[in-house]
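The values are calculated or read from the model by the stated rules, or taken from the named source; none is laboratory data. Please read all numbers here as calculations on a predicted model, not as lab measurements. Here the Cβ is made from the backbone with ideal geometry for all residues, glycine too, and neighbour counts use every protein chain on show. Please note that ligands, DNA and RNA were not included when accessible areas were found on the heavy atoms of the full protein model with its side chains. Shrake-Rupley method; radii C 1.70, N 1.55, O 1.52, S 1.80 Å.
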Amino acid sequence: MPGDAALSTRFVDKVPLRHLSLRRWWLSPLLASAMGLPFPPEGPVVSGKMSDIVISEFMDEAAVARLSARFSTLYAPDLAEKPDALKAALAEARALIVRNRTEVRADLIEGADALECVGRLGVGVDNIDTQCCARRGIAVYPAAAANALSVAEYVISTALLLLRGAYLSTSAVAAGQWPRGDLMRGREASGKVIGLIGFGASGRETARRAEALGLDVIATDPHIPASDAAWNEAPRTDLATLLAEADVVSLHVPLTDETRYLIDAAALARMKPGAILINAARGGIVDETALVAALREGRLGGAALDVFETEPLTAEAGAVFADLPNVVLTPHIAGLTTESNLRVGRVIADAVINHLEGRK
Ligand SMILES: O=C(O)[C@H](O)COP(=O)(O)O
């Protein structure tokens, strides 16, 4: 059974009965066929109206319930992967809520005549044509800072893990080997320098935690003026100095024309020998081929990549990392935890409700 129908039905089952007649999303045979769903759908269809709000990726269900209690809401977490169905679902929608997989480009926006706002369940808006939205008067609401703590904890934990290099021994120890000699050259984090490229919410949360662990923090962000109070939290430097001085370099910038391949072969060559690179920001900021070369040549001490130029990373593209011992690869989850999912859902539900009810 297609996921859309299953998830919508599952959700509707949790909505108080008094809302059902007004809140159940409407499905025509045409829309059903575009969405690859059975018609008639399972369960009751009692409203004659298309959805006001379309949610095309996963969202905390309590936040979905709040939206659905006020507006007819289509919660179809795999709609991001079905562009035609998404277009059809947006025919009369006033709000669209997405994560990073939904491509909100001109062709989608221009066909959505009633669209007033886009809620982004995260901070990166590189999947949204914000200029096209602005031209059409469509507000874009990112969940600013709502997942910064999760990102910061990811960065700190991977920095400690890669500096220490001692946590890959489980199978050897369990098998009766004792690789103590191989693992004795791990490094303490205390006293090392962490360089943060980008000093917005996640950069600052990372700085606070790094400082508490005894690291020295330096940061660069050309978009934050020197007079900004943010610089009370860490000394401001330039990119070249940061790369030359940091034992751990962590990225906290969006993907833009300015940041694409910011960490290329030349930038990697400027990093301290043995330094660690962490990218929990966006794929495309780091030249992955150049990074693999730097790791293979032993110039870098390790890398953690949570984001990739192409996501999901294919087995073919991932093969280049497979035999590198000092690499951590994760599937774009740095900002995603139980707690951040609740916060992100709450922030975006509030933003969309306020917008649709005229309290912008
Ligand atoms: O941009 C972000 O905030 C992160 O990439 C997480 O976003 P996501 O939850 O949509 O992946």
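Some observations on this one:
- A simple rule links phi to the HN-Hα coupling: the Karplus curve 6.51 cos²θ - 1.76 cosθ + 1.60 with θ = phi - 60°, which for segment 152-163 gives 4, 5, 4, 5, 5, 5, 6, 5, 4, 4, 6, 5 Hz, with x for Gly and Pro.
- Cα centroid of segment 292-316 to Cα centroid of segment 256-270, whole Å: 14
- Amide H partners (placed H, <5 Å) of residue 302, local residues excluded: 277
- Most tightly packed first, judged by the mean number of other beta-carbon atoms within 10 Å of their residues, the peptides 83-94, 228-239 read 83-94, 228-239.
- Per-residue ³J(HN,Hα) for segment 50-58, Karplus 6.51 cos²θ - 1.76 cosθ + 1.60, θ = phi - 60°, Hz, x for Gly and Pro: 6, 6, 6, 10, 10, 10, 9, 9, 5
- Here the 3J(HN,Hα) profile of segment 269-275, calculated from phi with Karplus coefficients 6.51, -1.76 and 1.60 at θ = phi - 60°, is 5, 7, 6, 4, x, x, 5 Hz, Gly and Pro shown as x.
- Translational D in µm²/s for segment 80-183 (Stokes-Einstein at 4 °C, 1.567 mPa s, Kirkwood Rh from C-alpha pairs): 77
- Ordering of 285-294, 141-150 by packing [mean C-beta count within 10 Å, highest first]: 141-150, 285-294
- Using C-alpha pairs below 8 Å separated by at least 6 residues, the relative contact order for the chain is 14 percent.
- Other-chain or far-sequence residues with amide H under 5 Å of residue 97's (modelled H): 54, 55, 56, 119
- Electrostatic dipole magnitude of the chain [Cβ: Lys, Arg +1; Asp, Glu -1; Cα centre; debye, to 20]: 880
- Over the chain, dividing the summed -39,500 (n - 2.57) contributions of all DSSP H runs of at least 4 residues by the number of residues returns a 222 nm mean residue ellipticity of -10500 deg cm²/dmol.
- Distance between segment 57-76 and segment 85-125 - C-alpha centres, whole angstrom: 15
- Per residue, segment 147-329 exposes 48 Å² of accessible surface when a 1.4 Å probe is rolled over the protein heavy atoms with every protein chain present.
- Taking only protein heavy atoms and a 1.4 Å probe, the accessible area of the chain is 55% carbon and sulfur.
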